[in-house]
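The values are calculated or read from the model by the stated rules, or taken from the named source; none is laboratory data. Quantities reported herein were computed from a predicted structural model and do not represent experimental measurements. Cβ sites come from the backbone with ideal geometry, for glycine too, and all protein chains shown count toward neighbours. Heads up: the accessible areas ignore ligands, DNA and RNA and are worked out on the full protein's heavy atoms, side chains in. Shrake-Rupley method; radii C 1.70, N 1.55, O 1.52, S 1.80 Å.
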Amino acid sequence: MKTKALLLPFLFLFLSGCSRNLKPMGYFTVDTYAKPIEGKIQEPLTIVLPTDIKDTVMVSGQSIKALRVISFRKTVTNNLHATLSKNFTTVDFKDQKQATGLTLVIYRIRPYWGLKGASTSVYGTSGTTFSSPVKFITANFQYDLTLYRNGVKIISADGESVSEEAFSEKFEIHDVFKNGLKVMCESINKKVLTDETISMLTN
């Protein structure tokens, strides 16, 4: 797809973003959506994030300089809590799997830049026309999780979520990462609250 609009300022911004370090990100919250179920689940949910999920992560890929995210564990913890609390009465975080009750262990969370698509930017100056490819970058998150009940596995899943927004003239790269984490929390909520598990936990 070719765009004949004059996107010179955006093109310079994009190219400069690829050639220098991105400004680090700290703790943030997002407004997640969780489809409501009829009556909250009364059985407490414990979430375990292993130490493999670091407090500082580097997000890289697609020729974009790595984004350094600090307070990543706190960001994930609080946003997952906000998401799952919409349908669980009690959500707590522990360092290890519990022998009794519900425990959700999230073994891995790996964010990286993905490619949604590309277009050609055409611009001109002093009667000369130039063209350059423009990538549309998404924030992707890979994760692995297992839900246990009284130490017995009832769900095991791996997933990959992709941000709804992509880095373009409309969305800054930091906003895309925030949106990507929002989508990841919503995706994990769907993996946990399937029709089967809802029936099991509410009957």
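Here's a check for you: in segment 163-175, which residue that is of a type in the set (D, E, K, R) and under 16 Å from residue 117 (Cβ atoms) is surrounded by the most Cβ atoms within 10 Å (Cβ to Cβ)?
For segment 163-175, the residue satisfying everything is 165.
Please list, ordered by first then second residue, the pairs with beta carbon atoms under 6 Å, 6 or more apart or interchain, first in segment 29-42 and under 28 Å from residue 164 (Cα atoms), second open to solvent by 40 Å² or more (accessible area, probe 1.4 Å) and not in a loop (DSSP other than H, G, I, E, B).
Partner pairs satisfying both residue conditions: 30/178; 30/182; 32/182.
Has segment 155-173 got any residue that is part of a helix (DSSP H, G or I) and at pLDDT 90 or above?
Checked against the condition, which is being part of a helix (DSSP H, G or I) and at pLDDT 90 or above, segment 155-173 yields at least one hit.
Checking residue 81 against (1) open to solvent by less than 70 Å² (accessible area, probe 1.4 Å); (2) within 21 Å of residue 154 (Cα to Cα); (3) not polar (S, T, N, Q): exactly one of these is not met. Which one?
Condition not satisfied by residue 81: (1).
Look through 153, 191, 178 and report the one residue that is under 23 Å from residue 115 (Cβ atoms) and among the charged types (D, E, K, R).
Just one listed residue meets the conditions, 178.
Does residue 159 satisfy the criteria of being in contact (Cβ under 8 Å) with a residue 12 or more places away in the chain, buried (at least 21 other Cβ atoms within 10 Å of the Cβ) and of a type in the set (Gly, Ala, Ser)?
no
Kindly indicate whether any position in segment 71-78 is over 30 Å from residue 200 (Cβ atoms), surrounded by fewer than 17 Cβ atoms within 10 Å (Cβ to Cβ) and modelled with pLDDT of 90 or more.
Scanning segment 71-78 turns up at least one residue that is over 30 Å from residue 200 (Cβ atoms), surrounded by fewer than 17 Cβ atoms within 10 Å (Cβ to Cβ) and modelled with pLDDT of 90 or more.
Hey, could you check segment 96-118 for residues that are β-branched (Val, Ile, Thr) and open to solvent by less than 80 Å² (accessible area, probe 1.4 Å) and say which is farthest from residue 163 (Cα to Cα)?
103
Considering segment 65-79 alone, what residues qualify as being within 21 Å of residue 183 (Cα to Cα) and more than 15 Å from the chain's Cα centre (by Cα)?
Selection gives 66 alone.
If the Cβ limit is 7 Å and pairs must be 6+ apart or interchain, which residue in segment 83-108 that is free of Cβ contacts under 8 Å to residues at least 40 places away in the same chain and within 12 Å of residue 145 (Cα to Cα) pairs with which residue that is basic (Lys, Arg) and part of a strand (DSSP E or B)?
As it stands, the answer is none, since no pair meets every condition given.
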